[in-house]
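Engineer: Quick one: the structure is below, and I'll ask about it shortly.
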Amino acid sequence: RKEVEQDPGPFNVPEGATVAFNCTYSNSASQSFFWYRQDCRKEPKLLMSVYSSGNEDGRFTAQLNRASQYISLLIRDSKLSDSATYLCVVNGAGNKLTFGGGTRVLVKP
Amino acid sequence: EAGVAQSPRYKIIEKRQSVAFWCNPISGHATLYWYQQILGQGPKLLIQFQNNGVVDDSQLPKDRFSAERLKGVDSTLKIQPAKLEDSAVYLCASSFGIEAFFGQGTRLTVV
């Protein structure tokens, strides 16, 4: 079983719609969690950290469910510019950052 | 603030040749990571340094890959000899705390 698993997609989303997707992790001792965004042929960039209580940043909402070992990302009012690959990242012991395979989101007019 | 610098940006080599990549992290960042990203996949950690010591190199193919971080600053990653399956983007990242910042990567093509 992979340490961090994501649905690769693509999620084809009409502009203005809401999309949500999950990421599961295998190590229950994982300490912190992040969503990174990666545009085509670019480097990953931090989108947001994921806190136990859930957190929101504008149109983006992240949730953590430690009991079921998954995190989620929800994008509201999708924009064309949200088209990207979203990478789930788990921070383990010693600040080891393990990436999932990414979820591709395509927002269409 | 200057970002993570990597060079070269692109490299094409023949199989069995050797290649080296260079990374200069953000000043003051103690943690440095090298990732391999094959097209269509997520980044895979090759090696992680804390200052100039290795924290994790469990997924580094040590028969052909080597990495060092001199004086806890710059780092080089070497492949010798290269195989076709090494074609990928090699990403360097640095961190001081929670967020990791990535360089633009080196796109390696092995022919």
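The values are calculated or read from the model by the stated rules, or taken from the named source; none is laboratory data. Just so you know, these numbers come straight off a predicted model, no measurement behind them. Methodologically, a virtual Cβ is constructed for each residue, glycine included, from the backbone with ideal geometry; neighbour enumeration extends over all protein chains shown. Keep in mind that these areas ignore ligands, DNA and RNA; they rest on the heavy atoms of the full protein, side chains included. Shrake-Rupley method; radii C 1.70, N 1.55, O 1.52, S 1.80 Å.
Engineer: Just name the residue that is most open to solvent (accessible area, probe 1.4 Å) out of those in segment B:1-34 that are touching a residue at least 60 places away in the same chain (Cβ under 8 Å) and among the hydroxyl-bearing types (S, T, Y).
Structural biologist: B:Y10
Engineer: Which residues, taken from segment A:34-55, are touching an Asp or Glu at 6+ places or on another chain (Cβ under 9 Å), within 11 Å of chain B (Cβ to nearest Cβ) and not aliphatic (A, V, I, L, M)?
Structural biologist: A:F34, A:K45, A:S49
Engineer: Here is a follow-up. Using the structure shown, decide if A:N65 is modelled with pLDDT under 95 and either away from every other protein chain (no Cβ under 14 Å) or farther than 27 Å from B:G103 by Cα (or both).
Structural biologist: yes
Engineer: Which count do you get for residues in segment B:54-90 that are in contact (Cβ under 8 Å) with a residue 60 or more places away in the chain and part of a strand (DSSP E or B)?
Structural biologist: Of the residues in segment B:54-90, 3 are in contact (Cβ under 8 Å) with a residue 60 or more places away in the chain and part of a strand (DSSP E or B).
Engineer: While we're looking at this one, here's another question. Tell me whether segment A:85-101 contains one or more residues that are charged (D, E, K, R) and farther than 24 Å from B:L46 by Cβ.
Structural biologist: No, every residue in segment A:85-101 fails to be charged (D, E, K, R) and farther than 24 Å from B:L46 by Cβ.
Engineer: In segment A:62-102, which residue that is among the β-branched types (V, I, T) and open to solvent by 20 Å² or more (accessible area, probe 1.4 Å) is farthest from the chain's Cα centre (by Cα)?
Structural biologist: Result: A:T98.
Engineer: While we're here: Out of B:G97, B:G42, report the one residue that is in contact with a Cys (Cβ under 9 Å, 6 or more places away or on another chain) and without any contact (Cβ under 8 Å) to a residue 12 or more places away in the chain.
Structural biologist: Testing whether each residue is in contact with a Cys (Cβ under 9 Å, 6 or more places away or on another chain) and without any contact (Cβ under 8 Å) to a residue 12 or more places away in the chain leaves just B:G42.
Engineer: If you go through segment B:89-111, how many residues are within 14 Å of another protein chain (Cβ to nearest Cβ) and open to solvent by 10 Å² or more (accessible area, probe 1.4 Å)?
Structural biologist: 10
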